[in-house]
């Protein structure tokens with residue numbers, strides 16, 4: 001087994017463990033039996049636990065895993081921040097969520113680009129797969145979510 005494969009196995013297993021911890025936290029914070037609002041976090045937890053880590057293993061599904069992982073973290077961040085503002089402070093849970101993003105980011109870049117590649121995206125920073133793409137989507141999804149929340153409550 002090559003060193004690259006060992007690193008990929010370690011990162012995928014770490015992603016799996018983070019997702020398992022997140023699924024347990026989701027079950028404790030949003031029990032499914034108490035209302036229908038608990039189904040969405042449960043389904044996202046199952047997706048992050050059983051589907052996304054395994055998609056990172058295959059070259060054909062690497063981009064899908066990267067997109068699903070990134071957007072699940074962004075949507076989780078936006079909805080958990082809203083929940084923390086209106087219900088109870090769960091800010092430390094966001095600190096558990098973001099390492100999942102960075103592990104997926106590392107997995108994708110480690111498998112997509114050679115280690116000797118010089119990284120200087122320049123103006124392409126807001127294009128996929130660069131980090132600016134995720135910052136742009138975090139800001140835009142947060143804005144749309146906030147506008148929807150405030151306009152809906154008028």
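Tally time: how many residues in region 24-69 are crowded, with 19+ Cβ neighbours inside 10 Å and farther than 25 Å from residue 129 by Cα?
2
Report those helices (runs of 4 or more DSSP H) wholly inside region 1-71 carrying at least 1 residues which are free of Cβ contacts under 8 Å to residues at least 24 places away in the same chain and under 30 Å from residue 89 (Cα atoms).
Filter on region 1-71 gives 3-29, 39-46.
Against the definition (within 16 Å of the chain's Cα centre (by Cα), assigned to a helix (DSSP H, G or I) and exposed (fewer than 13 other Cβ atoms within 10 Å of the Cβ)), how does residue 92 come out, yes or no?
Yes.
Could you grab me the full set of residues in region 83-98 that are in contact (Cβ under 8 Å) with a residue 24 or more places away in the chain and under 20 Å from residue 136 (Cβ atoms)?
Within region 83-98, 97, 98 meet the criteria.
How many residues are surrounded by 15 or more Cβ atoms within 10 Å (Cβ to Cβ) and more than 15 Å from the chain's Cα centre (by Cα) when one looks only at region 1-23?
Result for region 1-23: 1.
What are the residues in region 99-145 that are in contact with a helix residue (DSSP H, G or I) (Cβ under 7 Å, 6 or more places away or on another chain), farther than 17 Å from residue 67 by Cβ and surrounded by fewer than 15 Cβ atoms within 10 Å (Cβ to Cβ), if any?
Selection gives 99, 125.
Of these, 104, 132, which one is part of a helix (DSSP H, G or I), farther than 25 Å from residue 22 by Cβ and under 18 Å from the mean Cα position of the chain (by Cα)?
132
Throughout, read-outs are computed from the coordinates displayed, never taken from laboratory work. In this text, all values refer to a predicted model and were calculated from it rather than measured experimentally. Ideal geometry is used to build each Cβ from the backbone, glycine not excepted, and the neighbour counts take in all protein chains shown.
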